[in-house]
1. Return the only residue of Gly148, Gly144 being without any contact (Cβ under 8 Å) to a residue 40 or more places away in the chain, away from the ligand (no atom under 16 Å from the Cβ) and not in a loop (DSSP other than H, G, I, E, B).
2. Residues Gly70, Gly55: which one is exposed (fewer than 11 other Cβ atoms within 10 Å of the Cβ) and under 25 Å from Ala7 (Cβ atoms)?
3. Considering only residues that are within 16 Å of the ligand (Cβ to nearest atom), assigned to a helix (DSSP H, G or I) and not hydrophobic (A, V, I, L, M, F, W, C), which ones fall in region 107-135?
4. With respect to the numbered conditions (1) touching a residue at least 12 places away in the same chain (Cβ under 8 Å); (2) surrounded by fewer than 16 Cβ atoms within 10 Å (Cβ to Cβ); (3) assigned to a loop (DSSP other than H, G, I, E, B), which one is the sole condition not fulfilled by Ser158?
5. What are the residue pairs meeting all of these: first residue in region 161-179, first residue in the same structural domain as Ala138 (by TED's automatic domain parsing) and under 15 Å from Ala131 (Cβ atoms), second residue near the ligand (Cβ under 8 Å from one of its atoms) and β-branched (Val, Ile, Thr), Cβ atoms under 8 Å, and 6 or more apart or on different chains?
6. Determine, yes or no, whether Ala137 is more than 26 Å from Pro193 (Cα to Cα) and either of a type outside the set (Val, Ile, Thr) or in the same structural domain as Ile183 (by TED's automatic domain parsing) (or both).
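The values are calculated or read from the model by the stated rules, or taken from the named source; none is laboratory data. The structure presented is a predicted model; accordingly, all values stated were derived computationally and were not measured. Every residue, glycine among them, receives a Cβ derived from its backbone with ideal geometry; neighbour counts consider all protein chains shown.
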Amino acid sequence: MLVAEGAARYLDQLDDAAVSPPIAEPGAALAGPLPSKGTDALEAVRLLLTEAEQGATRSAGPRFFHFVMGGGTPAAVAADWLTSALDQIAFNWVSSPLAVRIEQITLGWLKELFGLPSDWSGVLTTGATMANFTCLAAARRWWGQQHGVDVEAAGLASLPPVPVLSSGHIHASALKALAELGIGRAQVRTLTPGPDRSTRSPRAGGSIDRQAHGPGDRDRHRRRGQRRRV
Ligand SMILES: Cc1ncc(COP(=O)(O)O)c(C=O)c1O
C-alpha cells in the first residue's frame, strides 16, 4: 500500500515535472557509514520513497528524450511488480517452466515480427548490453568454427584476430563486450557510408558485402551474382 501510493504519487506528477531531480544531492539521507543496526522494513521503504520523490530523474515521463525507456508504463510497472512477487529462477525448465515457456512464446512472436525463420533459436537477455555481449560471443564461436577451433574449449590463442566491422555509431557496451570476450576493442574497423550508400572501409576503400559470411564467401557470392551493397 505504502509503495503503491508512493508510486502513484510519483507517476501522477510525471507529465509536468522537470526531468532533472529538483535537488542537488540525491540520496543524501542514505549516505554515511554502514549502519550498525538494521532499519525497520517499512521505515526503509518510507526513506527510499522520500529520496526517490526528491531525487529520481523523471525518465519515465514524456519530457525525457534520451535512452530507450519503456519500463515505467502502467502495464510495464504491473508486470515488473508481478515479476518480483513471483521471483522465478527463469533460466531453465526445471526451475521455472512458466518463465521458459513465456520466453519461447515471446521469441516466436519476435521471429514473426521481424520475418525471421521459425526454426531459428534465440534467447532473451537482461538488456541491450547483454544482448551485444551474447551476439558477439556467438560471433566469436562462429569465427572459431570457421577455423576448426572450439573457442569455448580451446580459447582464442590459435586463431587469427576476429574481424569486427561497425558503423561509426558503435555503442560503448559493444566495445566493452569485445574487450571482455577477448576479441579486443581495437579490432573494430569503422565503416563510413559511400556516395552510393554502400558502406565503405576508410582503410581498404572497398564496400562490404552483406552476404559475405566467412573467409572466401564474399568471392563465392560475387561469382553467383549475389553481391549486395549495404
Ligand atoms: C545498442 C545499445 N547497446 C546497449 C545499450 C544499453 O542498454 P542496457 O541498459 O539495456 O544494457 C543501449 C541503450 O540504449 C543501446 O542502444
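1. Of Gly148, Gly144, the one residue that is without any contact (Cβ under 8 Å) to a residue 40 or more places away in the chain, away from the ligand (no atom under 16 Å from the Cβ) and not in a loop (DSSP other than H, G, I, E, B) is Gly144.
2. The match here is Gly70.
3. Thr129, Asn132, Thr134
4. With (1) touching a residue at least 12 places away in the same chain (Cβ under 8 Å); (2) surrounded by fewer than 16 Cβ atoms within 10 Å (Cβ to Cβ); (3) assigned to a loop (DSSP other than H, G, I, E, B) applied to Ser158, the lone miss is (1).
5. These pairs meet every condition: Ser173/Thr129; Lys176/Thr129; Ala177/Thr129.
6. Yes, satisfied.
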